[in-house]
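Computed from the coordinates by the stated procedures, all read-outs in this text should not be read as laboratory data. Being a predicted model, the structure only gives us computed values, none of them experimental. Note that each Cβ is placed from the backbone with ideal geometry, even for glycine, and that neighbours are counted across all protein chains shown.
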Amino acid sequence: MLNFTVGPVMCSDEVCAVGGEQVPYFRTPEFSNTMFENEQLMLKFAKAPEGSKAVFMTNSSTGSMEAIVMNCFDETDSVLVIDGGSFGHRFVELCEIHDVPHTVLQLSHGQKLTKEQLFEYDEQGFTGLLVNIDETSTGVLYDSEMIGEFCKKNNIFYVCDCVSAFLADPFDMAQCGADVMITGSQKVLACPPGISIIVLAPGAVERVKNAKVKSMYFNLADALKNMERGQTPFTPAVGILRQINKRLKEIDAAGGADAEIARVAAQAEDFRQKIKVLPFEFVSESPANGVTPVHPINADAYEIFTELKDNYGIWICPNGGDMKNTVFRVGHIGHLTHADNTTLIDALKDMQKRGML
Ligand SMILES: *Cc1c(COP(=O)(O)O)cnc(C)c1O
């Protein structure tokens, strides 16, 4: 199998090997040590400010998006949500479910957010902002520094869903002033799904500790308190946390976050050059490194996905909703090489020869 989706993605052999081991009991100093190492490397790679904390949630990243909405905002807030695709829209739905007053900054699919557009919302009393730094459904990368400047000026609590951007696109939590950064195990961390990580800057730690959240499982103050001893309130996905430990150390040994970001960027660039010979168009104005959305000019996007899967053993990522038949996505994250890009392009060229493109 060759997997170019945006998660779950291909794991390294070393990470796979950890997945094949017996899962140990976890209320031990040894497992706490694994968790402390995980926290320290996550804070380092996120470039989190001094005094930040990380919590490891056993849920997919949508669970962490929900936990943040529940723990950081209430009915006294006024939150601005950037909605440029299905992940932005998920934040809108979460605000609706949890009765958080919100305003939607709607962008069309593939459209980037300009400074002029955002500053139209200047000085309007917003207390929070929710954004998906890479809106993975359209592959648009938003400017975390520019949004940070807006949030700082307006004293806004700034939440970054970096689920697919973390370790794929440059992100400096201290520099852009983000209060919260969310990511998940199955994206650039290239581990199986099951764990999502929330990094909280000092202001967010305070906010969460004082929150009155009506939930047992999504109580982040409880998660923070347990993490002081390298533990979680309930049984976590122990095996995946051990795979994350292996992977974070692998990245650290290979030069850290910047080296991994450069690797993903080169993987994306290589693909974007190679695919130019085929009858496809790019759809994103400000493309993120993790994924390239592609519009086939003469063919059905979903049929290309099915054909590659069934007859070539290659997985690309279909799109949902109204983009299902017009756009497919090719991921550049996980254990992939430039030679793998060539294999994919060769398969597409073969389909072209067979009159399918
Ligand atoms: C993958 C992703 C998520 C989370 O999806 P889950 O299915 O809950 O893991 C959230 N936001 C973005 C931007 C993503 O790419």
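Observations on the model:
- Residue-by-residue Karplus 3J(HN,Hα) for segment 204-217, coefficients 6.51, -1.76, 1.60, Hz, glycine and proline x: 6, 4, 4, 4, 5, 5, 8, 6, 10, 9, 8, 7, 8, 6
- For Asn132, the amide hydrogen comes within under 5 Å of the amide hydrogens of Asp161, counting only partners 5 or more places away or on other chains and with H modelled in the peptide plane.
- For the chain, a Gaussian network of Cα nodes joined below 10 Å ranks Met42, Met146, Met65 by mean-square fluctuation, and the top entry is Met146.
- For the chain, relative contact order (Cα pairs under 8 Å, six or more residues apart, normalised by length) works out to 25 percent.
- Residue pairs, from the table Lys276/Lys324; Lys324/Lys353; Lys187/Lys214; Lys47/Lys115; Lys212/Lys249, whose Cα atoms sit over 26 Å apart: Lys187/Lys214; Lys212/Lys249
- The phi torsions of segment 223-233, fed into the Karplus equation with coefficients 6.51, -1.76 and 1.60 and a -60° offset, translate into couplings of 4, 5, 4, 5, 5, 4, 10, x, 10, 10, x Hz, rounded to whole numbers, with Gly and Pro shown as x.
- Summarising the amide proton neighbourhood of Gly184: residues at separation of 5 or more, or on other chains, whose placed amide H is nearer than 5 Å comprise Ile197.
- Loop-located chymotrypsin sites (Phe, Trp or Tyr not before Pro) in segment 165-263 whose Cβ has at most 16 other Cβ within 10 Å (DSSP): Tyr217, Phe234
- Taking segment 131-154 and a reference point 7 angstrom along Cα→Cβ of Thr103, the backbone N atoms nearer than 13 Å belong to 154.
- Cleavage-rule hits (GluC sites (Glu not before Pro)) in segment 98-179: DSSP loop, at most 13 neighbouring Cβ within 10 angstrom: Glu120, Glu123
- Low-density loop positions, trypsin sites (Lys or Arg not before Pro), segment 189-249 - DSSP coil, at most 16 other Cβ in 10 Å: Lys212, Lys214, Arg229
- With θ taken as phi - 60° and the Karplus curve 6.51 cos²θ - 1.76 cosθ + 1.60 applied, the whole-hertz 3J(HN,Hα) list for segment 168-180 is 10, 10, x, 8, 10, 4, 5, 5, 7, x, 5, 8, 9 Hz, x standing for glycine and proline.
- Annotation: the antiparallel percentage among DSSP beta bridges lying fully within segment 113-221 is about 45.
- Separation in nanometres of the label points that stand 7 Å from Cα toward Cβ, at Asp310 and Asn33: 5.2
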